[in-house]
Every structure is written in structure tokens, then in C-alpha cells.
1. Could you give me the residue pairs with C-beta distances under 7 Å whose first residue belongs to the range 290-303 and is in contact (Cβ under 8 Å) with a residue 40 or more places away in the chain and in the same structural domain as ARG200 (by TED's automatic domain parsing), whose second residue is surrounded by fewer than 20 Cβ atoms within 10 Å (Cβ to Cβ) and assigned to a strand (DSSP E or B) wherever it lies, and which are 6+ apart or on separate chains?
2. Taking the condition surrounded by 17 or more Cβ atoms within 10 Å (Cβ to Cβ) and outside any helix (DSSP H, G or I), does CYS208 pass?
3. Tell me, which strands (runs of 3 or more DSSP E) wholly within the range 1-78 include 2 or more residues that are surrounded by fewer than 19 Cβ atoms within 10 Å (Cβ to Cβ) and either in contact with a strand residue (DSSP E or B) (Cβ under 8 Å, 6 or more places away or on another chain) or assigned by TED's automatic domain parsing to the domain that holds PRO132 (or both)?
4. Please find, within the range 83-115, the residue that is surrounded by the most Cβ atoms within 10 Å (Cβ to Cβ) out of those that are small (Gly, Ala, Ser) and either within 18 Å of the chain's Cα centre (by Cα) or not assigned by TED's automatic domain parsing to the domain that holds HIS144 (or both).
5. Can you go through GLU264, GLU223, GLU254 and tell me which one is assigned to a helix (DSSP H, G or I) and closer than 15 Å to THR282 by Cα?
6. Regarding the range 102-111, can at least one residue be identified that is among the aliphatic types (A, V, I, L, M) and touching a Leu at 6+ places or on another chain (Cβ under 6 Å)?
7. Could you check VAL100 against (1) out of contact with any helix residue (DSSP H, G or I) (no Cβ under 8 Å at 6 or more places or on another chain); (2) more than 30 Å from PHE283 (Cβ to Cβ) and say which number it fails?
8. Does SER118 count as surrounded by fewer than 23 Cβ atoms within 10 Å (Cβ to Cβ) and in a strand (DSSP E or B)?
Amino acid sequence: MKSCLAELLERDAETYARLITTETRKTIRAARAEVAKCALVARLYAEHAAAMLADHPTDNGFIRFEPLGTILGVMPWNFPFWQVFRFAIPALLAGNSVIVKHSPHVPQCAAALERLMSEAGFGGVFSAAALPAEAVYPLVADEHVRAIVLTGGQEAGSAVAEFAGKHVKKISLELGGSDAFIVLPSADVETTVAAAVRSRMHCNGQACTAAKRFIVHRGVYDEFESRLVAAMKSLRPGDPFDERTDYGPLLNDEVASKLERQVEETIALGATLLTGGRLGATFFAPTVLRDVPLDSPAAQEETFGPVAALFRANDVDDAIAIANNTRFGLGASVWTNERAEAMRCVADLEVGQVFVNAIVSSDPRLPFGGTKSSGFGRELGVAGIRELTNVKTVVMA
């Protein structure tokens, strides 16, 4: 490589952060954190990729991890750098080339990524462009593309997966979630509420890993609700470039209108609005809904914006049942100081990752992905880099 990719990122971190904020409207603080995380994943794989891909000995031979060829990444707008880095870095270091079909909402980020990768020495094996959805299909069908990594909505992911299947192409899908945030009686409520707000408001609430359904044991429910409402009301809206801003506008009117429809339909089915609602064309105040029906949009759909749906659980069994009452299965967080309760949730929650006393997030060291309608396949960690290889079994008789 001409120079260290992580160092190039850090050299121009503020430029990239401002570009991310311009196109996604997330706060500048969140954008800076995204750039820093990209540098972290680059360094991690630079240090460990060779060991991760080394031949794995067996009793009668070994297992080898070989490149597949060209990997197509179909990427969303909400983390325009991180979503690319988390699949592209391991894909490239495994010996593949990468094509990114980026979201049409982030054309400047797509162009900046291509320039950055070229400067880092990946110019011949990495390309990125912000293209409309229909551009995916000819790329999937191209004989040079051997695998697809897609992050996006369930409908789009299902359609692309069906098309990839017709062409016998491997695909890894991350299709969003409706993550549960389970609070049990032994949890420290004040600390837990602070974490709940951070999780729900990440990227102005437009994150697949954000907690969306807050399932609280009846023994601490009233205190949790009171503190959560107060904390959400205290958040400051404003210009996402202003360091004092806690949350900015949603991506566009379409996103805000869908979220408004989900809230209104949930209220019509019996939920109570405790705070929040749409403030204007694209601003949506942090919103808390009480007594959310299990068949309502806030319970069954992904709410891509700052809406917290509250559920009261009678015990651990009830909390797990409510958490699993969804077609999604990306992640869940459990807040308890009782190990037995935590391990019960780890065993029975139908998700790809469980975080105990921590909010769900992608960690470059650990495999990331979901189950059920949240998709299949894994990114990051050892599993993520091997996902993008041909796992070849060699037997030495």
C-alpha cells in the first residue's frame, strides 16, 4: 500500500465527518465517531488478517481460506463510511476485489471513499458509486461478481437475495431490526435509562442496532418510564454541525412521514403518547409510547427514528416472550446484575447478539449479524473475513 489507510482517514477525519453530516444529517460528533471506528477496523484487520486466514490444520490435512473474486457491497446511507469499511476491509485483505453500490443519498461520501481507497493503494481493486436501486441487478448478474454483502430494508434485501439465488451467488444480508432493551429488577435504573437514550438516539434514531422496544419489569417500570420521559424531553434539537445539538433532522420527508404513520397507527390501536412527535418536515422529537399493543407498528415494524416503545413485563419469562414476538432478530440488550437472569436471556433470545449491561453495537473484533428476518451471514471478526472466502478442505491421505 502507498500509505496506511487508517492514517489517511485520521489525517482528513474532520473533512470526512463534515461530509457524512452533510449527507446523512447525523450530528457532527456522531460522524467523527464513525470515522474513528473505520480507522479502528482497518488497523485490526491489518494486524490480524494474516492469522485469521492462515491454513487451519486438521488430523488429516488442513483447511484453506481462499478469495472468492469480486464482492459486491450494496450499502445504505445511514453509516456511509462504516458500512463500507466493515465489509470492504476484510474482503480486500482476503484477496478479493470490491465494488460498492452505494445509496443515492450519499454520492459525495461514495466518491470520497473511492478517492481515499485509491490513495491507500486499493485503486485497482476497489470502486464505489452512488447508484439507484435498479443498478443492483446487472451487477449481481455479472459473471465476475461472486458474492454480495447487502445492508438495507427487508423488502429490498429479499428481492436481491432472490435474484442472487437465480444466479447462484452467495449473499450475506443485514436487514435491520427492532432490538429489545430488557430491564430487570436488579438493574440500576438511572444508569440504564442513560444507556437507553444513547441507544435509541444513535444517528438521530436511524440505526439498525438502536434499541426500539423497551421491555421493563413491573418492579422498576414506573421509575424507568418517568426517568426515560424526562431524559428524552431534555434533548436539544438543532443544526447537526452545532456541537451542542443532541439530535438533528431525519434524512428526508419520506422517512419522517413513515415514522409519523407508525406512531399514529400505534396510538390508534391503544398506545399512549407520553412525549414527542413530529416537529416539522424532517424533525421528529424524541418520542415515548406507553402501553404499546403487541400487534402495532411500533411493536412489529422497524421504527427508523427516535421512537421508544414501552412494554411492561411481569417476569423474565414474560420479558423474553415479548422480546421474541417479532420477525426481527438482530440484537438485544439485557440490564441486570443477576447472572442467572442474564444467562437465561442469552439462551432464549432469538437474536444474533446479546449485550448484557451494554448497548448493542458492532465491534470490529466480534461477528455481527442477525437471524430470522434480520438476515443471515456475518461481518467482522474472524467469522466476517472467512465469510468472504472459499473455505477449501484439503485432505492429505
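The values are calculated or read from the model by the stated rules, or taken from the named source; none is laboratory data. Here the structure is a predicted model, which is why all the values come from computation and not from measurement. For neighbour counting, all protein chains shown are included, and Cβ atoms are generated from backbone atoms with ideal geometry for every residue, glycine included.
1. Pairs that qualify, where the first residue is in contact (Cβ under 8 Å) with a residue 40 or more places away in the chain and in the same structural domain as ARG200 (by TED's automatic domain parsing) and the partner is surrounded by fewer than 20 Cβ atoms within 10 Å (Cβ to Cβ) and assigned to a strand (DSSP E or B), are ARG290/THR272; ARG290/LEU274.
2. For CYS208, the condition - surrounded by 17 or more Cβ atoms within 10 Å (Cβ to Cβ) and outside any helix (DSSP H, G or I) - is met.
3. Counting at least 2 such residues, we get 56-58, 61-67.
4. ALA88
5. None of the others qualify; the one that does is GLU254.
6. no
7. (1)
8. Spelling it out, it is not the case that SER118 is surrounded by fewer than 23 Cβ atoms within 10 Å (Cβ to Cβ) and in a strand (DSSP E or B).
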